[in-house]
């Protein structure tokens, strides 16, 4: 431990101990919280800022505000920064709050834990991590089983939504697979939606995508719809992901040969692909280039978690024309993350020259689907 002062060790130990029961500590700070799988949202006492965008890890108390702009200027960090955020305190005062909570009334003297004590802390932390992972795995298994119980989205109002509301020319996929329809999309006739702001529960039909990572189904992506499929449901937050979805994608299209990942590996088949945020964006692109694989990350932040599989060739990341600085920064981060990973092909990015995203682009003009194909296939020449 050379190079670390007693105060460094004291703070590290405080973080470890606080992480053993994060919800209890959040309550001590005077904030409410809501469980959400292996994560939870903390809700500050009512004020003008929407605190429901802040996710906190039950594993170590690290957190991130997905929206940003909080008056404190603190949008992510460790459990000490969380104290600063909730209590509105300086770093020094936040440390003092942590020490007082742990009963460390005299912080001027500190004796690092013995090897035996440290081993005990590590054992408790490891047991907690195993407990959280077991909970995640159990939830993933249940979500996958539920997805399998649902009927395919083809022939339902979910298909109506894709074809008519989003004007995605799915017929272009027919020559490339038996069904000509994404395998991972199912339909839920009655799906409960919860408004995270008000707590109101309403029922709507939903388009349900399976989120997969490796060979496992790990979560679900729901898009709640109007009963006639003419648009998304008029609710706050009509899309939501469930389960341990980090690094997972909705595998919408398998491309040339229509081979699932396991079969593609057996055959040594390398196929180009695209990765974007939303289902509608990616489906629009694979309808333009059905030879490509297409996967949706479900959220902008999750694009950077994508593990480039060995059955992919070149990969094109689909940028949306969102001028919000946070969205631009998030996509740039995803590009940097993808570029840093081992990969079997070249990395490209593409944004439409009109509209907010690729789906908006093809809806502006029916001929844009062919223009989009030309643009995407010419990326190698750029």
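The values are calculated or read from the model by the stated rules, or taken from the named source; none is laboratory data. If you're wondering where the values come from, they're calculated on a predicted model, not measured in any experiment. Methodologically, a virtual Cβ is constructed for each residue, glycine included, from the backbone with ideal geometry; neighbour enumeration extends over all protein chains shown.
Computed quantities for the displayed model
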{"quantity": "Filter pass, residue 207 being surrounded by 19 or more Cβ atoms within 10 Å (Cβ to Cβ), closer than 12 Å to residue 158 by Cβ and in contact (Cβ under 8 Å) with a residue 60 or more places away in the chain", "calculated": "yes"}
{"quantity": "Any hit, region 342-355, residues being touching a helix residue (DSSP H, G or I) at 6+ places or on another chain (Cβ under 9 Å), outside any loop (DSSP other than H, G, I, E, B) and closer than 23 Å to residue 258 by Cα", "calculated": "yes"}
{"quantity": "Residue count, region 138-159 (criterion: in a helix (DSSP H, G or I) and surrounded by fewer than 17 Cβ atoms within 10 Å (Cβ to Cβ))", "calculated": "7"}
{"quantity": "Single residue of 307, 295, 320, 280 found to be surrounded by fewer than 16 Cβ atoms within 10 Å (Cβ to Cβ) and either free of Cβ contacts under 8 Å to residues at least 40 places away in the same chain or under 28 Å from residue 242 (Cα atoms) (or both)", "calculated": "307"}
{"quantity": "Residue that is farthest from residue 159 (Cα to Cα), among those in region 245-273 that are in contact (Cβ under 8 Å) with a residue 60 or more places away in the chain and in a strand (DSSP E or B)", "calculated": "272"}
{"quantity": "Every residue from region 178-195 that is within 23 Å of the chain's Cα centre (by Cα), surrounded by 14 or more Cβ atoms within 10 Å (Cβ to Cβ), at pLDDT below 95 and farther than 17 Å from residue 243 by Cα", "calculated": "182, 183"}
{"quantity": "Any pair with Cβ under 9 angstrom, 6 or more apart, that starts in region 109-130 at a residue that is surrounded by 12 or more Cβ atoms within 10 Å (Cβ to Cβ) and ends at one that is modelled with pLDDT under 75 and in a helix (DSSP H, G or I)", "calculated": "110/6; 110/7; 110/9; 112/6; 112/9; 112/118; 113/9; 113/121"}
{"quantity": "Residues located in region 229-244, provided they are more than 26 Å from residue 165 (Cα to Cα) and assigned to a loop (DSSP other than H, G, I, E, B)", "calculated": "244"}
{"quantity": "Residue among 183, 193, 221 that alone is part of a strand (DSSP E or B) and within 30 Å of residue 370 (Cβ to Cβ)", "calculated": "221"}
{"quantity": "Residue check, residue 132 farther than 28 Å from residue 265 by Cβ and part of a loop (DSSP other than H, G, I, E, B)", "calculated": "no"}
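One line per residue, one yes/no per condition, for (1) assigned to a strand (DSSP E or B); (2) touching a strand residue (DSSP E or B) at 6+ places or on another chain (Cβ under 9 Å); (3) under 24 Å from residue 217 (Cβ atoms):
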| position | (1), (2), (3) |
| --- | --- |
| 283 | no, yes, yes |
| 301 | no, yes, yes |
| 306 | no, yes, yes |
| 322 | no, no, no |
| 327 | no, no, no |
| 334 | no, yes, yes |
| 337 | no, no, yes |
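Residues checked against (1) modelled with pLDDT under 90; (2) not assigned by TED's automatic domain parsing to the domain that holds residue 371:
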{"position": "142", "(1), (2)": "no, yes"}
{"position": "159", "(1), (2)": "no, no"}
{"position": "163", "(1), (2)": "no, no"}
{"position": "168", "(1), (2)": "no, no"}
{"position": "173", "(1), (2)": "no, no"}
{"position": "176", "(1), (2)": "yes, no"}
